[in-house]
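Asks: One structure, as structure tokens, below. Some questions next.
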Amino acid sequence: MKNNIRVERAILRISQQDLANAIGVSRQTIFAIENGKFIPSTELALKLLLLILFVK
């Protein structure tokens, strides 16, 4: 399953660092998730989802 975090982040015009700060992880974690090197926990995935939904 492909993630669309990079696309959504671009639509929202926020940097990896801004996204990382908003959900409490490192920029490297966002990079790894976007590139399929890291599968986020359920809690982290929900934080990402809620941020993307409520910022739109």
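Read the figures in this text as sums done on the coordinates, not as results from a lab. Keep in mind that this is a model prediction, so the values were computed, not measured. Note that we place each Cβ from the backbone using ideal geometry, even for glycine, and neighbour counts take in every protein chain shown.
Asks: Is it the case that region 38-52 has a residue that's among the charged types (D, E, K, R), over 10 Å from the mean Cα position of the chain (by Cα) and in a loop (DSSP other than H, G, I, E, B)?
Replies: Step one: filter region 38-52 for residues among the charged types (D, E, K, R), giving 43, 47.
If we keep only those that are over 10 Å from the mean Cα position of the chain (by Cα) too, we end up with 43.
Okay, now just the ones that are also in a loop (DSSP other than H, G, I, E, B), so none.
No: zero hits.
Asks: Within the chain, track down each residue that is surrounded by 13 or more Cβ atoms within 10 Å (Cβ to Cβ) and either among the aromatic types (Phe, Trp, Tyr) or in contact with a Pro (Cβ under 6 Å, 6 or more places away or on another chain) (or both).
Replies: 31, 33, 38 - these are the residues of the chain that are surrounded by 13 or more Cβ atoms within 10 Å (Cβ to Cβ) and either among the aromatic types (Phe, Trp, Tyr) or in contact with a Pro (Cβ under 6 Å, 6 or more places away or on another chain) (or both).
Asks: Does residue 39 meet the test of being hydrophobic (A, V, I, L, M, F, W, C) and in contact (Cβ under 8 Å) with a residue 12 or more places away in the chain? Spell out the reasoning first.
Replies: Details: hydrophobic (A, V, I, L, M, F, W, C): yes; in contact (Cβ under 8 Å) with a residue 12 or more places away in the chain: no.
The answer is no for residue 39.
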